Amino acid sequence: MATAFASRTQQACVAKATSGKAVAARPVSAGRSTAVKAVASATRSSFAGNAAFTAAAKQGVRGMRVGRRSAVQTQAKIGDSLAEFLVEATPDTKLRQLLMSMSEAIRTIAFKVRTASCAGTACVNSFGDEQLAVDMLADKLLFEALRFSHVCKYACSEEVPEPVDVGGEGFCVAFDPLDGSSIVDTNFAVGTIFGVWPGDKLKDITGREQAAAGMGIYGPRTVFCLAVAGYPGCHEFLLMDDGKWVHVKETTEIGEGKLFAPGNLRATFDNPAYERLISHYLGEKYTLRYTGGMVPDVFQIIVKEKGVFTNVTSPSTKAKLRILFEVAPLALMVEQAGGASSCDGLCKSALDVDIKGYDQRTQVCFGSIGEVRRFEEYLYGNSPRFSVPNELEANPRQ
């Protein structure tokens with residue numbers, strides 16, 4: 001003990017003598033030694049180089065501030081509110097207003113889905129689909145939200161398949177108010193799909209012209225998934241307990257992986273090409289993840305960043321999916337997330353198919369580039385867009 005005390009006393013005296021000031025000595029960690037030496041050196045040369053030291057110190061502080069600010073800006077995208085995200089994503093104030101209005105409607109629908117009646121009504125829509133009470137409620141909420149946004153000229157719903165003038169100007173919106181409503185009573189996830197087009201028409205357009213597209217997913221979590229044309233990625237917002245939307249995920253890449261969601265399997269009975277494709281998935285031991293709801297079955301590709309969704313026709317099973325209300329909006333989200341789509345039997349993106357009618361229907365594939373290429377090769381014999389084999393297929397994610 002005496003030795004230790006003497007040693008500490010000696011260190012204190014040496015420190016005092018060296019500095020010429022009464023500075024209490026304390027052990028310095030290795031991590032701080034460089035900084036301490038630099039400060040000591042600058043202090044010793046204060047008369048000769050005080051100005052240089054001051055300038056360097058200020059520059060260093062400024063550099064640290066800039067670096068810190070850059071880091072904050074990089075990280076701020078995750079954790080931002082929806083409103084904060086939209087300010088960064090688009091300079092168009094009308095588009096921001098419209099997307100905020102859609103988010104309000106989706107938040108209300110999420111609550112109503114949990115409490116509304118799932119019983120069928122006595123009517124069908126003009127496409128011949130039976131309407132449920134919850135379908136009609138979601139439809140009404142979306143029309144009201146668009147009307148009060150004051151930035152939507154025409155709104156068109158799968159339940160009301162003719163454009164309705166809602167009094168605003170700037171954009172038109174097509175939506176499926178509650179895709180998968182027939183499985184609400186089984187407590188599977190369902191959702192809302194919408195696409196936003198600039199101008200005042202929803203026909204003689206393509207999906208490529210969309211200004212934005214989104215979907216609300218009503219499951220164990222309520223999620224708002226959004227893609228804004230010209231802004232990278234597909235973005236996921238989680239509905240918190242306080243009613244706020246918080247940015248929780250950005251997807252910019254969809255890789256290869258053995259996950260498949262095969263719709264309309266009845267078509268394998270008289271579509272040999274589709275039967276061979278399904279046999280490939282099974283033979284390669286893909287994981288089957290299919291609920292019968294298009295929203296969760298496509299959304300999982302974005303969330304998991306891998307996989308494929310297919311819905312194929314045959315002579316005895318006709319196309320059910322509508323380009324305007326479902327396929328084009330989903331295609332924008334999947335492709336901005338880094339994936340691809342194939343539509344209409346034309347070996348082309350769903351974003352490039354001409355939309356000539358409100359009830360125009362199609363077969364479709366969504367997924368990674370490699371999976372969409374495989375789909376086209378099995379179904380149509382070749383895939384001109386993706387003729388170069390994808391090297392990632394050799395090492396798919398499990």
_Hz values of 3J(HN,Hα) by residue in the range 331-337 - Karplus curve (6.51, -1.76, 1.60), Gly and Pro given as x_ = 4, 4, 5, 5, 6, 6, 7
*Quick one: what are the phi-derived ³J(HN,Hα) couplings along the range 302-307, Karplus 6.51/-1.76/1.60 with θ = phi - 60°, whole Hz, x for glycine and proline?*
5, 5, 7, 6, 5, x
*Can you pull out the GluC sites (Glu not before Pro) in the range 232-271 that DSSP calls coil and that have at most 11 other Cβ atoms within 10 Å?*
E253
*How many angstrom lie between the C-alpha centres of the range 76-103 and the range 207-285?*
21 Å
*From the backbone phi of the range 215-220, what are the Karplus-calculated ³J(HN,Hα) couplings (6.51 cos²θ - 1.76 cosθ + 1.60, θ = phi - 60°) in whole Hz, Gly and Pro given as x?*
8, x, 10, 10, x, x
*What whole-number value in cubic angstrom gives the convex hull volume per residue for the C-alpha atoms of the range 80-250?*
110 Å³
*Skip the ligands, DNA and RNA, and give the accessible area per residue of the range 210-326 with a 1.4 Å probe, whole Å².*
39 Å²
*asked:* Please report the net charge: other residues with Cβ closer than 12 Å to the Cβ of G339, K and R +1, D and E -1.
replied: -2
*Please list, in chain and number order, the residues 5+ apart from V166 or on another chain whose amide H is under 5 Å from its amide H, with Hs placed from the backbone.*
Y154, A155
*Label the range 196-268 by shape, choosing from rounded, prolate and oblate, from the square roots a ≥ b ≥ c of the eigenvalues of the Cα gyration tensor; if a/c is under 1.5 it is rounded, and otherwise prolate applies when a/b is larger than b/c, oblate when it is not.*
oblate
*Given the peptides 220-226, 109-115, 371-377, 134-140, arrange them by the average over their residues of other C-beta atoms within 10 Å, most packed first.*
371-377, 134-140, 220-226, 109-115
*If you roll a 1.4 Å probe over the range 80-250 with all protein chains in place, what percent of the accessible area is carbon or sulfur?*
54 percent
*Filter the cross-link list K285/K348; K77/K320; K258/K318; K203/K306 down to pairs whose alpha-carbon distance in this structure exceeds 30 Å.*
K77/K320; K203/K306
*Enumerate the amide H contacts of K249 below 5 Å, restricted to partners 5 or more residues apart or on another chain; note that Pro and chain-start residues carry no placed amide H.*
E236
*aspartates and glutamates within cross-link reach of K153: Cα-Cα under 14 Å, excluding same-chain residues under 8 positions apart?*
E144, E162, D165, E169, D200
*Amide H contacts under 5 Å for A212, placed H, 5+ residues apart*: V196, A229
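The values are calculated or read from the model by the stated rules, or taken from the named source; none is laboratory data. This is a predicted model, so every value here is computed, not measured. All Cβ positions, glycine included, derive from the backbone under ideal geometry; neighbour counts span all protein chains shown. Quick note on the areas: whole protein, heavy atoms, side chains included, nothing else; ligands and nucleic acids left out. Shrake-Rupley method; radii C 1.70, N 1.55, O 1.52, S 1.80 Å.
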